[in-house]
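Scroll down for the structure; my scribbles are underneath it.
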Amino acid sequence: MLYKFQKTIEIREGEYFRGGVVAHGLRMPIDRYSEYFFDVNENKTDNQVNGLFVSTQGRYIYAGGEYSVTVKDGRITVASTVPVIEGEADGTLKGAYLAAMKYAKTETSHNFPRGLLKSPQFCTWVEMGVNVSQKKILSYADRIVDIGFSYDLLIIDDGWSVDYGDWRFNKEKIPEAKKMLDELHKKGFRVSLWIVPFVNKSAKDYETLMKAGAFVRTSDGEVAMKKWWNGTSAVLDLTSPAAKEYLIGTLDGLVKEYNVDGFKFDAGDESFYSFDDLTYAPVTPAGQCSLYSEIAKRYEIAEVRSGFLNGGAHMITRLGDKRRSWDEDNGIRALVPNMIQAGLCCYPFSCADMIGGGNIVDFDAEGLNALSYDENGDIITEKRKDTLDNETELAVRFCQCNALMPAMQFSCSYWDKSDALSQAYKKCVALHESVGEYLDELITNAIETGEPILRCVEYEFPHQGFEKENDAFFLGEKYYVIPVIKRSVTQVRVRLPEGAAWKYCPDGVVFRGGTTVTVDAGINVLPYFERLT
C-alpha cells in the first residue's frame, strides 16, 4: 500500500524506541543498529497494533492512521495515510509517552468494568476446549467458588453455539441456557460469550446474509471463503450495513434474552482480509480490524485479541495464545515484553492470556482437562489426569508472573491437580487482591491520562541502564517485579534503581537503591520489591 505522508528521523546514539506492535515485545527496543519493518496492512501477528513509537530520549512519532515503519541505516521512517506527528518531551521515555497522549489516546474509558482487573477472570477454553456443556460449565463455576478465589467474569468460549455464525445456544450441550446464566449470576459471576466474525455455509442465516451482501467477496464476486484455525468460512464485511445490523442485532438479542454481560471478540485479524477483497465500501484489512473493535466497544464487557488504534478504549486487550513452554518465543518468556508493549501502545487494560498457557495444542486431545469428565459432564474423580504433573514448576511461575499484572485470567484448573498447586495459586490470587486498592488508582489514572498500568523499568527509572530490560516490570510506580521465567531458578540477582529504598516483599528486608542484591526465588516465591521513597 502506498502511504501519502511520512517522517524520517535519525536515531541518536544510545537512543531506544519501543511501540507499534504488541506481539513484537521480544524484538524491542529498537536502536540505530536495528533493522525492522512492519506494515499494519500486512500484519501477521495475532495482537493489537498502534502507530505510536516512543524513545528513551524523550522523542515520539505517531501515525494516527494506517502505517508502515522501517528502521534501517540508523533511521526510523514512519509512513501513513495521515500526517505523521513528531515531537520531543523531557528527555525520558515516560515524558515522550505522556506527551504523545494528546494524539494517541483516542478513547476515554470512564465506564471501564474495574472488576475485570481487580478479580480473576475464568475462561472455559483450555479447561474444556469446544466440548462445553451446561453441566461442565456449572461444575467449573462451583469449583471456582469452592477454591475460595475472588472472581468476576466467566467466559464461555468456543463450543456453546449451534454453528459458527449461528449464535444460538446449542441445546444438546446447553439445554437450559437462561437457567444456566441465572445460576451463574446468582453465584456472583458476570458472563461473556465467545464469538468470531465467521459464518459457516451450514449456518441458518448464511443464504440470507449472502443475498444481503454481508460477506467479503473475491474479485470475481463470489463469497470469499477464508481459512482460519477452526475451518473455512465466509467472513463478515463490516462495511456492509447488513453485516453490521446482523452482528449487532444478534449480540443485542443475547444480552436481552439471556442477560449476557458481554462478549469475547476473537479473530478480526488483518490477516483474514486482503486488498483483493470486494466490499460494500472501500476498506483495507486494517480498516476491517478496526471496525470489529468498534462493534466490541458497544458492550460494557468486551475482550479483543486483535485491534488497530482505539488507544485507551475500555476493552480488555488480551495477548495472543501463549504456549505452555519455557523456551518458545511465544511462551512464558514473551509475557513481560509483550505486556510492556501493550502499555506503550496505549492499551493499558491488558491481559497476558490464560495462566499456564492458552494454546490448546499444548494440552491433551480432549481439550486439556485438568480433570476428566464423563459423557454427562460429571467429574471422573478416580481418573484424574496426571499429564500436567511434570509441569508444576511452569504452572506456578506462569501464575506468579501474572499476579502483579493488570489482569489474571485462568482456564485450566491447575489448582485441582495437587495441594501444592492449590496453595501456590491461592497465594498468587491473594497477592493480586492485596493490591486491589492501588490497582483501582492505576485504572483511574489510565482512564484519565492513558498511562500504562504495567510499565517497563526504564519508564520509571530513566537513564540508569535499564533501556533494554525486558524481563522485569513495574506495577504502576510502586512495585518492582522480577518474575522467574527460567526453569530451576531458586535465586535471582537484581539491580535496584537509584533514587529509592526498596523492601523485598517476600521477607521484608529493606535495601538501598543503586545496589545489586541476590534474593530468594524458590518455587513458592515471586521476587518483587516495594518502592519506599
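The values are calculated or read from the model by the stated rules, or taken from the named source; none is laboratory data. What you see is a predicted model; the values in this text were computed from it and never measured. Note that each Cβ is placed from the backbone with ideal geometry, even for glycine, and that neighbours are counted across all protein chains shown. Keep in mind that these areas ignore ligands, DNA and RNA; they rest on the heavy atoms of the full protein, side chains included. Shrake-Rupley method; radii C 1.70, N 1.55, O 1.52, S 1.80 Å.
Observations, loosely collected:
- Residues of segment 264-291 satisfying the condition of being under 19 Å from residue 223 (Cα atoms), of a type in the set (Ser, Thr, Tyr) and touching a strand residue (DSSP E or B) at 6+ places or on another chain (Cβ under 8 Å): 273, 279
- Residues of segment 222-232 classified as open to solvent by less than 30 Å² (accessible area, probe 1.4 Å) and in a loop (DSSP other than H, G, I, E, B), total: 1
- Where strands (runs of 3 or more DSSP E) fall wholly inside segment 91-210, the ranges with 3 or more residues that are at pLDDT 95 or above and crowded, with 21+ Cβ neighbours inside 10 Å are 121-123, 153-156, 190-195.
- Only one of 319, 251 that is in contact (Cβ under 8 Å) with a residue 40 or more places away in the chain and either of a type in the set (Val, Ile, Thr) or closer than 17 Å to residue 50 by Cα (or both): 319
- Segment 504-528 residues that are among the aliphatic types (A, V, I, L, M), paired with ones that are part of a loop (DSSP other than H, G, I, E, B) and exposed (fewer than 12 other Cβ atoms within 10 Å of the Cβ) (beta carbon under 7 Å, 6 or more apart): 521/490
- Residues satisfying the criterion are present in segment 439-446 (criterion: touching a Leu at 6+ places or on another chain (Cβ under 9 Å), outside any loop (DSSP other than H, G, I, E, B), among the β-branched types (Val, Ile, Thr) and over 27 Å from residue 395 (Cβ atoms)).
- Scan of segment 38-78 for residues that are closer than 14 Å to residue 6 by Cα and charged (D, E, K, R), ordered by number: 39, 66, 75
- Some residue of segment 59-68 being in a loop (DSSP other than H, G, I, E, B), over 23 Å from the mean Cα position of the chain (by Cα) and hydrophobic (A, V, I, L, M, F, W, C): no
- For residue 88, the criteria (1) at pLDDT 95 or above; (2) crowded, with 19+ Cβ neighbours inside 10 Å hold in every case but one, which is (2).
- Unique match (being part of a helix (DSSP H, G or I) and open to solvent by 10 Å² or more (accessible area, probe 1.4 Å)) among 451, 469, 458, 433: 433
- Qualifying residue in segment 5-24 (condition: of a type outside the set (A, V, I, L, M), in contact (Cβ under 8 Å) with a residue 12 or more places away in the chain, surrounded by 24 or more Cβ atoms within 10 Å (Cβ to Cβ) and part of a loop (DSSP other than H, G, I, E, B)): no
- Filter result (closer than 20 Å to residue 341 by Cβ, out of contact with any Cys (no Cβ under 9 Å at 6 or more places or on another chain) and at pLDDT 95 or above) within segment 290-304: 304
- Members of segment 407-421 that are closer than 21 Å to residue 353 by Cα and open to solvent by 10 Å² or more (accessible area, probe 1.4 Å): 416, 417
- Those residues of segment 410-426 which are part of a helix (DSSP H, G or I) and either touching a helix residue (DSSP H, G or I) at 6+ places or on another chain (Cβ under 8 Å) or over 19 Å from residue 527 (Cα atoms) (or both), in sequence order: 414, 415, 416, 419, 420, 421, 422, 424, 425, 426
- Consider segment 334-388 and keep the residues that are at pLDDT below 50 and among the hydroxyl-bearing types (Ser, Thr, Tyr). The one that is farthest from the chain's Cα centre (by Cα) is 381.
- Filter result for residue 530 (under 22 Å from the mean Cα position of the chain (by Cα), surrounded by 15 or more Cβ atoms within 10 Å (Cβ to Cβ) and among the charged types (D, E, K, R)): no
- Selection count, segment 34-58, where residues are open to solvent by 40 Å² or more (accessible area, probe 1.4 Å) and within 24 Å of the chain's Cα centre (by Cα): 4
- Test: residue in segment 436-443 that is open to solvent by 40 Å² or more (accessible area, probe 1.4 Å), in contact with a Gly (Cβ under 8 Å, 6 or more places away or on another chain) and modelled with pLDDT of 95 or more: yes
- Filter result for residue 75 (open to solvent by 10 Å² or more (accessible area, probe 1.4 Å) and touching an Asp or Glu at 6+ places or on another chain (Cβ under 8 Å)): yes
- When residues in segment 211-220 are screened for being surrounded by fewer than 20 Cβ atoms within 10 Å (Cβ to Cβ) and modelled with pLDDT of 95 or more, 5 of them pass.
- Single condition residue 480 does not satisfy, out of (1) open to solvent by 40 Å² or more (accessible area, probe 1.4 Å); (2) over 24 Å from residue 108 (Cα atoms); (3) not in a helix (DSSP H, G or I): (1)
- Listing of helices (runs of 4 or more DSSP H) fully contained in segment 233-350 that carry 3 or more residues being open to solvent by 10 Å² or more (accessible area, probe 1.4 Å): 241-258, 285-296
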